[in-house]
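Worksheet for the structure shown next.
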Amino acid sequence: MISRSRFSCPFLLVCVLATILLGSVAALAQAVAPLNDPAIEARVSSLLQRMTLEEKLGQLNQFSAGRPTGPGTGRSEYGQMIAAGQIGSLLNLTGATETNELQRIAMTRSRLKIPLLFGLDVIHGYRTIFPVPLGLASTWNPDLVEKTAAAAAREASAEGVRWTFSPMVDIARDARWGRIVEGAGEDPFLGSLMAAAYVRGYQGTRLDNPSSIAACAKHYVGYGAAEGGRDYNTTEIPERLLRDVYLPPFRAAVNAGAATLMSAFNSVNEVPASANSFTLDHVLRREWGFRGFVVSDWTAVTELIEHGIANDGATAARKGIMAGVDMDMEGGLYLNELAAQVKSGKVPIQAVDEAVRRILRVKFALGLFERPYVEESAQSKVLDPAHVELARTAAEESFVLLKNDARSVQPALLPLGAGVRTIALIGPLADSAGDMVGAWGAKGDPKDAVTLRAAFEDFTAKRQMQLLYAKGTEIIGGSDAGIAPAVDVAGRADVVVLALGENAGEMTAEAASRAFINLPGLQQKLLEAVAATGKPVVLVVFSGRPLVLTSVVDKVGAIVQAWYPGIQAGPALVRVLSGEANFSGRLTVTMPRSVGQEPLYYNHLNTGRPAGRTELTRPPSGGNEKYVSRYIDEQNSGLFPFGHGLSYTRFEYSPITLSSQSLSARGLNSGSQALRVTVEVKNVGGRDGVEVVQLYIRQRGTSVARPVRELEGFQRIPLRAGESMRVEFTMSKKELAFWNIDMKEVVEPARVTVWVGHDSQSGSQAEFLITE
Ligand code: BGC
């Protein structure tokens, strides 16, 4: 047996030196953190003193200068407004020449020569498109996500874009919500690590590096809790839930240095998020010390009128700025209404000054005053080969092998074996380049995307294999005329690869909530007809949400959840399907058995009458199971749990070792105590692979009820066949504290169960006590 410790370092001295060096780099980065830089503050103050009220309001105003990404306003001519100092930022405009042209107006014709800040939704790549964020999260690999964000920043910044409206860090527990695709899924721990990774990637170590772009954590806050999963809908989130679940990824983004946040469309407890002084001022500024600025979502300040908390634009503008929204995206209300409000004394000038200060601070920090233009002659960074390669790696790691059943096909259907000479590739997503790019594709071009069909053509040609292709049906609508030819193709093949799923543009992301989340159109019919041939079927699902696959799961031998993989979709998929690469992705969302289970998430509370009672509450006789929290017509559990994902090998876990059986809340709260949790993980299969070792806890006996399981740690470890590794986690205040009955974030006395394992439903188990 090969055994190596995760923490052993063969060259101790190198490790020590590296640690010292990294430590001092981190300290240096903090020391020069531009949003804290006194030199910048002095420059902001001096500029602010010279600004007229109108020029100040101009800085708070952002318009879309390109393709609108919300209800259109029909505006187009900005030159004059920029010259008059009426615009602080533009969104949706890209290209060195295009951005320089408008920047030149700001820098030469406006009185104070304050540079414009160009923003864009660079969500999962700029031109090199990576998997959609839900796919990126499925890698459980924050370092990789950071690299994709850094690549996106290099490409975007070279084209004048120094600000992205990303990451979207909204926790989403309801698969009906179309925007679940834009985030990291249902878990605040994982979501926080991903949030910080994006921020680090976009912003680099210094914002004023020309290839850094400012991040924008959105949508602050609670947007993902939309009732019924319907976009823009109301949210009711009690403070503890807000602090435990919805706020942490924003806090992580702020701690990682995010320069901006975006205020959301939804109301939170009857107060719209874009006029919510509790979240925007009290929590964000006072508690967390955020020094960047907040931009509203698209016309979200104007929408305060529809929300019903303002009867006119003037009131909406006043409520927005007074709550802490600094920049008004696309609504124009700050520009048009605030001057009168300031003059009449309804809005104190200090509120305007503070908002301008925050925006200028970010512009200075980005180095825009020194380098307002981008070099037009510089070689474009888009589709840099290293970025394309990264896109393939990210795609490979994002795929989740949901099922690979050795019972239905012997041996397991995947990887495609040597006996396979003819592959039938069937389905409306097999050759749909646009869908591979996914929603919010920035400057992504379907022409750059390699589909599964193109990649399989290449693969089969090189191996003297045969590829048969049939579309079968459309994604939505269409006729069933293509089903018979697809069945014919299936009948002539050794194996069928079915590429099914959702239409990325219409069925995922904004304004794309679904009440039915199964395979749309005639795809179920296609699948059943193909499966009836008796040929082994590999189902590849392209979707922006976990779909209900209950009625298909038993009809196919293997299922791959592919999300929307980006421009390297085909090559990455062929590599994992053929076994050239192994699967390592894991679900970050629970896959439902039926839509009626939504919202569905693994980290729920236990209730007083849990189904499948615990040892504590099960009645001695076995009891009557009717009066428990369950459906009479559906199970409680998901079809595939959070954390699930198979590979071509298997991993075994040793029992857990704890460094102590008992700690004190006092010691943990003061930081003087921590617990080490150790397991040995072994690759017991025949292939090299990557295991995502997951640590969950449950706390009992606390002042408020805690979830049945909470993810509090994970490590992604590569293990060669037969190899084992000791994996160690630390449990400290950070992992064990929660918002208690007094709304304090503390560790309380508790009985704590720990699981370390492969997903949220399994694992080796141990227990320890937290005493007073
Ligand atoms: C979306 C935001 C996006 C903004 C700018 C809005 O409709 O909700 O996520 O950043 O448009 O495109």
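Would you confirm whether or not the range 602-616 contains a residue that is among the polar types (S, T, N, Q), under 20 Å from the mean Cα position of the chain (by Cα) and under 30 Å from residue 708 (Cβ atoms)?
Here is the first cut: in the range 602-616, the ones among the polar types (S, T, N, Q) are 603, 606-607, 614.
Add one more test, that the residue is under 20 Å from the mean Cα position of the chain (by Cα), and what stays is 603.
Now drop any that are not under 30 Å from residue 708 (Cβ atoms), which leaves 603.
For the range 602-616, residues among the polar types (S, T, N, Q), under 20 Å from the mean Cα position of the chain (by Cα) and under 30 Å from residue 708 (Cβ atoms): present.
Could you grab the pairs with beta carbons closer than 9 Å, sequence gap of 6+ or different chains, first residue in the range 116-136 and open to solvent by less than 10 Å² (accessible area, probe 1.4 Å) and of a type in the set (Asp, Glu), second one outside any loop (DSSP other than H, G, I, E, B) and at pLDDT 95 or above? Sorted first by the residue in the range 116-136, then by its partner, the list stays empty.
Can you name the residue in the range 260-276 that is within 15 Å of the ligand (Cβ to nearest atom), in a loop (DSSP other than H, G, I, E, B) and not small (Gly, Ala, Ser) and is also surrounded by the most Cβ atoms within 10 Å (Cβ to Cβ) among such residues? The qualifying residue surrounded by the most Cβ atoms within 10 Å (Cβ to Cβ) is 266.
Considered as a group, the residues in the range 675-716 that are surrounded by fewer than 20 Cβ atoms within 10 Å (Cβ to Cβ) and of a type in the set (A, V, I, L, M) include one that is nearest to residue 654 (Cα to Cα), and that residue is 684. Residues in the range 325-351 that are away from the ligand (no atom under 16 Å from the Cβ), crowded, with 24+ Cβ neighbours inside 10 Å and under 23 Å from residue 49 (Cβ atoms): 334, 338. When you scan the range 181-193, do you find a residue that is over 26 Å from residue 375 (Cβ atoms), within 16 Å of the ligand (Cβ to nearest atom), open to solvent by less than 10 Å² (accessible area, probe 1.4 Å) and not charged (D, E, K, R), even just one? The answer is yes, given that some residue of the range 181-193 is over 26 Å from residue 375 (Cβ atoms), within 16 Å of the ligand (Cβ to nearest atom), open to solvent by less than 10 Å² (accessible area, probe 1.4 Å) and not charged (D, E, K, R).
Restricting attention to the range 34-52, the residues being open to solvent by 30 Å² or more (accessible area, probe 1.4 Å) and farther than 15 Å from residue 113 by Cα number 7. Listed by first and then second residue, the pairs with beta-carbon distance under 9 Å, at least 6 apart or on different chains, first residue in the range 728-754 and open to solvent by 20 Å² or more (accessible area, probe 1.4 Å), second part of a helix (DSSP H, G or I) and among the hydroxyl-bearing types (Ser, Thr, Tyr), are 733/670. The set of residues in the range 214-232 being within 14 Å of the ligand (Cβ to nearest atom) and either among the aromatic types (Phe, Trp, Tyr) or more than 16 Å from residue 276 (Cα to Cα) (or both) consists of 214, 215, 216, 217, 220, 223, 224, 226, 231, 232. Residues of the range 146-173 that are hydroxyl-bearing (Ser, Thr, Tyr) and either part of a strand (DSSP E or B) or open to solvent by 10 Å² or more (accessible area, probe 1.4 Å) (or both): 164 alone.
Scan the range 88-109 for residues that are away from the ligand (no atom under 16 Å from the Cβ) and either under 27 Å from residue 217 (Cβ atoms) or in contact (Cβ under 8 Å) with a residue 40 or more places away in the chain (or both) and the total you get is 11.
Given 414, 429, 402, 360, which one is farther than 30 Å from residue 336 by Cα, outside any loop (DSSP other than H, G, I, E, B) and either free of Cβ contacts under 8 Å to residues at least 24 places away in the same chain or touching a Leu at 6+ places or on another chain (Cβ under 8 Å) (or both)?
The match here is 402.
Just one residue in the set 532, 572 is buried (at least 21 other Cβ atoms within 10 Å of the Cβ), hydrophobic (A, V, I, L, M, F, W, C) and either on the phi < 0 side of the Ramachandran plot or touching a residue at least 24 places away in the same chain (Cβ under 8 Å) (or both); that residue is 572. Checking the conditions here, which among 515, 511, 455 is within 22 Å of residue 551 (Cα to Cα) and among the hydrophobic types (A, V, I, L, M, F, W, C)? Matching residue, one of 515, 511, 455: 515. For the range 277-302, taking the residues that are touching a helix residue (DSSP H, G or I) at 6+ places or on another chain (Cβ under 8 Å), open to solvent by 10 Å² or more (accessible area, probe 1.4 Å) and among the hydroxyl-bearing types (Ser, Thr, Tyr), the one that is farthest from the ligand (Cβ to nearest atom) is identified as 277.
The values are calculated or read from the model by the stated rules, or taken from the named source; none is laboratory data. None of these values were measured; they are calculated from a predicted model. Don't worry about glycine lacking a Cβ; one is built from the backbone with ideal geometry, like all the others, and counts go over all protein chains shown. Calculation scope for accessible area: heavy atoms of the full protein, side chains included, ligands and nucleic acids excluded. Shrake-Rupley method; radii C 1.70, N 1.55, O 1.52, S 1.80 Å.
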